[in-house]
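Here's the structure, in structure tokens; my notes come after.
Values quoted throughout were computed directly from the atomic coordinates according to the rules given, and no laboratory measurement underlies them. Bear in mind the structure is a predicted one, so any value in this text is a computation, not a measurement. In this analysis, Cβ positions are derived from the backbone assuming ideal geometry, glycine residues included, and neighbour counts consider all displayed protein chains.
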Amino acid sequence: MTVALAPAWKAVRRRPTLLAGLILLILFLFIALLAPVIAPYDPILQNGDLRLQPPSWGHPFGTDNFGRDIFSRVLWGTRIDLQIAVIGVVFPFLIGTTVGTLAGYLGGKVDTVFMRLIDIILAFPFLVLMLSIIAILGPGLQSFYIAMALVGWVSYARLIRAQMLVLKTVDYATAALSLGFSGPRIMFRHLLPNAIAGSVVFSMSDCVLVLLSGAAISYLGLGVQPPLAEWGVMVAEGQSFITTAWWITLFPGLSIVTLAFGFSLTGDGLGDLLGVRE
Amino acid sequence: MSEPLLSVRDLSVVFAGEDGPRTLIDSLSFDLGKGEILGLVGESGSGKSLTCRSLVRLMPSPKLAITSGTVMLDGKDLTTVSEADIREVRGRDIGMIFQNPTSHLDPLMRIGDQIAEGIRVHRGVDSKEARAVALDILAQVGFPHPARQYNGYPHEFSGGMRQRAMIGVALSCDPRILIADEPTTALDVTIQAQILRLLMDLRESRGLSVILITHDLGIVAQTCDRIAVLRQGRLLEIGDKRDVLGRPQHPYTQNLIASHPSMPERQALAVIAQEPVPLKARPLVEIDDLHVRFPVTGRGLFSGGPREFAAVKGVSLQVMPGETVGIVGESGSGKSTLARALLGLTPISEGHVTFDGADIVTERTKALRKLRRETAMVFQDPYNALNPRLTIGATLAEVLAVQESVPKERIPERIGELLDLVGLEREFASRKPLSMSGGQCQRAGIARALAVNPKLIVADECVAALDVTIQAQIVDLFRDLKQRLNLTLLFIAHDLAIVRNLCERVVVMYHGQIVEEGPTEDVFSAPREAYTQALIDAIPDIDPDKPLVSPRGGDALAEETSGLVTGEIS
């Protein structure tokens, strides 16, 4: 295993953006895993004596209007936000890749049907569509993931389809056809691995978008429900105290930005590594 | 030679790689006289393009740097002058043209304006005057209707006309030196002949000095005054073309000349003496009045019903088992479409194709099953033909597994045999295409074709992308395999010399139809059609004393066929 990883490590080390992005993401992953150990307080424990305390040694990020420790809530929130970013991307990625591969390679009616479906989805503003789906399914993270999967695959399908249209005319596709390889074999073993790099890079920037829309949905009260600690919810809750207790919104907000930055750097670095230009 | 116009001394270019510096050009020295055409010859990776880019400091990568040497022009050393000065030199003193005019012309700008722009910038004249000069240049580079064609966009012209336009852009600043980097490699032979003639005419009329980069010794023999042979960044040999071609000093040059698939008499020996095919044998492939039409897309909304483009129009052809048939023709002649149709890769619009007794149209399933197990294709671009993510071993193993031609446990052994057959070391099984040279990739491609145990191999321009010495090796390999495995070979090429070397029978295609067909020697020594004659004449011969266009046909024929070739396909 170490032998196989050595060239990968060498490639990463030469790309400071990728390295920085990966370090940030790994840092957040550790925070998420170790939140129960490193968080000094219970994130949902209310304490009437400690309301709206500014940052201090005891409470580095201060406390909110219920006297909860913001530092602990930010640490616990990492778990949920990282989960939102990953699950919110994985399902659209899988659906979109499959649809794009089929539409691009098979063409004809399959292509027409999927492309019209994509047109319909794109005709609605993203958030409006998300909100309607969540409204129908009822508020909660699960609804958010389902809505994300129903709407988010569109970009991946279009990316992969465009690549497949080019790749299916390449000589090795013709060669595979002339050698009697089956359609699925040509699509998924020969063409898809060569088409997927752009989508992998895009999925990183998509993580940022999903993270932000997750926060936005929670902010609107349709995602994560209080008192659960999630950065978007925390920003929403701190809103009414923004002039008097800025720390309630500042620290979760900074966390969103930093995690997004990590994904974004990783995306740029991967694009460079895989030779994809956006 | 009098005082040289451009003088290069000890030029070295170093690439600062991750594994330490690599010298790509190693103390190169040469002179270029006024009105001289100097040929820079070498295979890919020899540093010929890089040399010319270094002259005007247009380095393709920031990791490349000129480490020593001088490039003297008018008493100035171009390697040390300021960035502003070198920009003046580019264009005004030294113009450049490239292999692919499509990617070097601005697709959104009228070609006339692209020429006028250089005139305005470098000569400081107003736009009206610039237009007048541009029209004059368009006429000089051979546009028949400059006033009308001034307003055309690059995509409206054929490849040859685009190359003329790019020469026009290079001439717009009235340079004294023109660097032409493989200017005709992407063009058909008849068009190539015209462009080379244009370069020679410009030399006559403007006293232009030209550095012509090419891998084709035939081209240098026909156009250049002196030849410089490069290999791995070193100058092996430089001298008058007759000296270099007639009495090459360096063994590499000798090898290069020997590899040139020239047209002289010797290839009569090279053609495999073939037993006459028994008359009663059934043809392996039988094509009868084949038509292939494609729907034309991109028409306007109101232009009426769907339009079709006929790529193959009524072709009939028989190929006997064990035969080697060459199909020649220029781009757009339908030769590749014919091959794809006969392999069942392109739908047939009309007519019949029978492979080994199975009709592709009426017995499609049966015929396709036969075709997939008994035919294979070899492609033009070896890198594009192999999946870049799979090792050669994995590629071959997959074919063997899908075809079920050998039992599972015999697959690794068979891979080794296949690699032996095509002359690759067995360790190539673990290599990926991008870590191999073009020739090695092409051998791997042939190994994949052989993995099928084919009766018929269709080779589509399979040596066109390779260097001459590699071309010769691949052709030898085909000849060897044909004899050993009793293959039937359909060899598609635009390079007549190679077809003449390898094939017993040749089919000449033009605009989707067969214009001439017959035993190779007969067709080449006594072509019946003017088109075949023009194709043969347009090949630049390695013998400098054989002129580019035969005195018989002369210019009239060249013009006439060029009209045919560049004419709109309707």
Distance (nanometres) between label positions extended 7 Å along Cα→Cβ at residue B:437 and residue B:151:
5.3 nm
Mean separation of Cα contacts under 8 Å (6+ apart) over length of the range A:224-278, as relative contact order %
24 percent
Work out the FRET efficiency for residue B:364 and residue B:543 from their Cβ-Cβ distance, taking R0 = 45 Å, and round it to the nearest 0.05.
0.35
Please compute, for peptide B:375-382, the average count of beta-carbon atoms on other protein chains lying within 10 Å of each residue's beta-carbon.
3
TM-like helix rule applied to chain B (DSSP H, alpha carbon span at least 24 Å on the long axis, mean Kyte-Doolittle at least -1.0) gives B:189-206, B:468-485
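Once you average over the residues of A:173-185, how many Cβ atoms of partner chains fall within 10 Å of each Cβ?
Average neighbour count from other chains, rounded to a whole number: 6.
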Pull up all non-local amide H partners of residue B:358: gap of 5 or more, or a different chain, and H-to-H distance under 5 Å with H placed in the peptide plane.
none
Per-residue Cβ contact counts at 10 Å, fewest first, order B:498, B:542 as B:542, B:498
Past 23 Å, Cα to Cα, is the threshold; run B:34/B:241; B:34/B:76; B:313/B:482 against it and keep the listed order.
B:313/B:482
As an exercise, use a Förster radius of 25 Å and the Cβ-Cβ distance of residue A:23 and residue B:19 to find the FRET efficiency, rounded to the nearest 0.05.
0.40
So what is the relative contact order for chain B, in percent, with contacts set as C-alpha pairs under 8 Å and at least six apart?
15 percent
Where in the range B:59-81 does the label zone of residue B:3 land, with the point 7 angstrom along Cα→C-beta and an amide N cut-off under 20 Å?
B:70-79
For residue B:316 paired with residue B:68, estimate the spin-label separation in nm (one decimal), with each label point 7 Å from Cα along the Cα-to-Cβ line.
7.1 nm
To check you understand DSSP bridge types, tell me what percent of the beta bridges within the range B:1-99 (both residues inside) are antiparallel, rounded to 5.
95 percent
For chain A, find the longest principal axis of its Cα atoms and tell me its angle to the long axis of helix A:197-219, 0 to 90°, nearest 10.
30 degrees
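Å³ per residue of the Cα convex hull, for chain A?
On the way: hull volume 44.2 nm³, N = 278.
Considering the Cα atoms of chain A, their hull volume per residue is 159 Å³.
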Quick check on the protein assembly as shown: of the DSSP beta bridges with both residues there, what percent are antiparallel, nearest 5%?
55 percent
Which percent, nearest 5, of DSSP beta bridges in chain B are antiparallel?
55 percent
For the ranges B:27-34, A:216-223, B:359-366, what's the packing order if you count other beta-carbon atoms within 10 Å of each residue, average per peptide, and put the highest first?
A:216-223, B:27-34, B:359-366
May I ask you to compute the full-extension gain from residue B:132 to residue B:250, defined as 0.36 nm times their residue separation minus their alpha-carbon distance, rounded to one decimal in nm?
37.5 nm
Residues B:200, B:166, A:187, sorted so that the one with the fewest Cβ neighbours within 10 Å comes first
B:200, A:187, B:166
Take the Cβ-Cβ distance between residue B:404 and residue B:480 as r, set R0 to 35 Å, and report the resulting FRET efficiency rounded to the nearest 0.05.
0.80
Kirkwood Rh in Å, taken over all unlike Cα pairs in the protein assembly as shown
31.6 Å
With DSSP loop assignment and no more than 13 other C-beta atoms within 10 Å, the trypsin sites (Lys or Arg not before Pro) in the range A:175-278 are A:277
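Which value in deg cm²/dmol, rounded to the nearest 500, describes the helix-derived mean residue ellipticity at 222 nm for the protein assembly as shown, given -39,500 (n - 2.57) per DSSP H run of n ≥ 4 and division by the residue count?
The helix contribution divided over the protein assembly as shown gives -15500 deg cm²/dmol.
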Expressed in nanometres to one decimal, the distance between label points 7 Å along Cα→Cβ at residue A:244 and residue B:139 is 8.7 nm
Going by how many other Cβ atoms sit within 10 Å of their own, how do B:224, B:52 line up, fewest first?
B:52, B:224
Which whole-number percentage describes the relative contact order of the range A:65-274, with Cα contacts under 8 Å and a sequence gap of 6 or more?
28 percent
